[in-house]
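Reading through the structure tokens given below for one structure.
The values are calculated or read from the model by the stated rules, or taken from the named source; none is laboratory data. Quick caveat, the model's predicted, so the values are computed rather than measured. Quick reminder, even Gly has a Cβ in these numbers, built from the backbone with ideal geometry, and neighbours come from all protein chains shown.
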Amino acid sequence: MVLYDRSATNLQQQIAILKRRQLKINDTKTTRNRIQDIGYFKLKGYCIPFYSKKDYFRSNTSFNTVYSAYKLDEKMRIILFPMLQRIEVQFKALLGSYLGTKYGPLGYLNTPMFATFAGKSEWLACIKRNEKRGRKRNEAYICHYQNEYDDKFPIWVAIEMSSLGDVSKLYSNLKTNDKKNFAMKYYHMNYQKLSNWLQVITIIRNICAHNARLFSKKIPLNIYINRYDHISKNNSKTLFGVLYICKTLLMGTDFFQYQIINLKQVLKQTPFQGLYEYGLPDDWCQKLLEKE
């Protein structure tokens, strides 16, 4: 393991580095202010797609172009995040209702709801973690169930206080028949696809929530695509694949269509070709808005 031995740099030094790497900077004052707002480390992530070779920019690449990529990504997250939130809220509500109806409010404590004992243990540990966090945030419903029901949370409450990642793992740990029945009843797909898609949107949701980069970034998990899906397997690691997931899980709602039209307008206003960096085909909008 190599010890990190580089020195911290100030704004003036950072601008000098960018110039040495052949980035065109026309307005030093504006550039300095924008780097100060964004942070040099975050900015470097948006520089990478514009390199011709390591640490050297393509000819005539300007700071304004790199900054435009950052602003486009910001708008992309603003458009994408509410769709992922709606998917999360709906999934939690449906799963809580399904499990509560079949196994009872506290069925996860003493029935074979899980495929393995380890899966059950993982879920109970998750509830304890989330209960502790809820107490720190002074959540009223946590105190209510602690005082009135001896710290026992109905499954739908336990799901509501959990993250999407936690609930995705809960679903993956259920018995196969329950996963099959739930996926087919509510989403009209096999459970392997639903499990995979939940993992994907959890990753993207967390990227959006932490203002991390989506621009020119491959998803670190292959999206499950089969012959019934109206997109190519070439999109299995792209943001276009994520948008297709949103279309399917939101079931073609007006809100999804509204967000896609917003995205179309945003991309029109971008001073460079943003489609490629997100894996969007030329007919991306038509594909996402057409009925299947």
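Here are a few things to note about the model shown:
- Restricting region 82-97 to residues that are farther than 13 Å from LEU194 by Cα and hydrophobic (A, V, I, L, M, F, W, C), the residue that is nearest to the chain's Cα centre (by Cα): LEU84
- Test: ASN177 is surrounded by fewer than 19 Cβ atoms within 10 Å (Cβ to Cβ), outside any helix (DSSP H, G or I) and more than 16 Å from the chain's Cα centre (by Cα): no
Here is a yes/no grid of residues against (1) without any contact (Cβ under 8 Å) to a residue 60 or more places away in the chain; (2) part of a loop (DSSP other than H, G, I, E, B); (3) assigned by TED's automatic domain parsing to the domain that holds VAL167:
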| site | (1), (2), (3) |
| --- | --- |
| ALA16 | yes, no, no |
| ARG32 | yes, no, no |
| LYS44 | yes, no, no |
| SER52 | yes, no, no |
| PHE91 | no, no, yes |
| SER97 | yes, no, yes |
| LYS102 | no, no, yes |
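- Restricting attention to region 180-194, the residues that are buried (at least 19 other Cβ atoms within 10 Å of the Cβ) and touching a helix residue (DSSP H, G or I) at 6+ places or on another chain (Cβ under 7 Å) total 4.
- Contact map, region 267-292: residues that are farther than 18 Å from LEU249 by Cα and touching a residue at least 24 places away in the same chain (Cβ under 8 Å) paired with residues that are assigned to a helix (DSSP H, G or I) and small (Gly, Ala, Ser), Cβ distance under 6 Å, separation 6+ or inter-chain. Pairs shown: PRO271/SER68.
- Some residue of region 137-148 being in a helix (DSSP H, G or I), within 14 Å of TYR171 (Cα to Cα) and free of Cβ contacts under 8 Å to residues at least 60 places away in the same chain: no
- Picking from residues in region 18-30 that are outside any helix (DSSP H, G or I) and among the hydrophobic types (A, V, I, L, M, F, W, C), the one that is nearest to the chain's Cα centre (by Cα) is LEU23.
- Among the residues listed as SER68, SER7, the single one being part of a helix (DSSP H, G or I) and among the small types (Gly, Ala, Ser): SER68
- In region 237-292, the residues that are among the β-branched types (Val, Ile, Thr), more than 18 Å from ILE203 (Cβ to Cβ) and part of a helix (DSSP H, G or I): ILE260, ILE261, VAL266
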